[in-house]
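Below: the structure, in structure tokens.
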Amino acid sequence: MSSTDAGFEQQDFYSKGIDYEGLLNQQTSRISYFRSTKKYEEYFSSVDTLVLMLPKELRGLAMDFKKQNNISYNMSSSKGVDLYDRLWDYCNTLLEENNLTFKTRYIKTYS
């Protein structure tokens, strides 16, 4: 976006992206806390939020997984906890496979 004010052109632009790794770290910390303190309503909600935070392609895969396994927010039984554990595990796997957590560094070598 640009505008002209008193003969000067002013442009607005993003100078930095969001700290995506930091946001993921905060969200997984919340999920871990709610799971370990058995606050299952907050746990379910936090896992759902993680799904929504995923990059577009991964978000679609996670939402499909959730739909295929009939995982819904209002499950308070131990079966619901098990299903949300599976969803969280699936999200973690997607993040790992796409090098978004437990980052792998590649070093080029010449032989």
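Structure values in brief
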quantity	calculated
Inter-residue pairs, beta-carbon under 7 Å, first more than 17 Å from Asn69 (Cα to Cα) and in the stretch 84-97, second loosely packed, with under 13 Cβ neighbours inside 10 Å and at pLDDT below 95, 6+ apart	Glu96/Phe102
Residue ID - modelled with the lowest pLDDT, chosen from residues in the stretch 8-39 that are among the aliphatic types (A, V, I, L, M) and more than 18 Å from Gly80 (Cα to Cα)	Ile18
Subset of the stretch 26-52 [buried (at least 16 other Cβ atoms within 10 Å of the Cβ) and hydrophobic (A, V, I, L, M, F, W, C)]	Ile31, Phe34, Phe44, Val47, Leu50, Val51
All positions within the stretch 66-111 that are over 27 Å from Glu21 (Cβ atoms), assigned to a loop (DSSP other than H, G, I, E, B) and at pLDDT 90 or above	Asn69, Asn70
Qualifying positions in the stretch 65-81 - surrounded by 11 or more Cβ atoms within 10 Å (Cβ to Cβ) and either under 23 Å from Leu100 (Cβ atoms) or of a type outside the set (Gly, Ala, Ser) (or both)	Phe65, Lys66, Asn69, Ile71, Tyr73, Met75, Val81
Where Phe65 falls short, out of the listed (1) out of contact with any Lys or Arg (no Cβ under 7 Å at 6 or more places or on another chain); (2) closer than 17 Å to Ile31 by Cα	(2)
Residue check, Arg59 free of Cβ contacts under 8 Å to residues at least 12 places away in the same chain and buried (at least 16 other Cβ atoms within 10 Å of the Cβ)	yes
Residue count for the stretch 62-82, restricted to those that are in contact with a helix residue (DSSP H, G or I) (Cβ under 7 Å, 6 or more places away or on another chain) and either without any contact (Cβ under 8 Å) to a residue 24 or more places away in the chain or aliphatic (A, V, I, L, M) (or both)	7
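The values are calculated or read from the model by the stated rules, or taken from the named source; none is laboratory data. None of these values were measured; they are calculated from a predicted model. For neighbour counting, all protein chains shown are included, and Cβ atoms are generated from backbone atoms with ideal geometry for every residue, glycine included.
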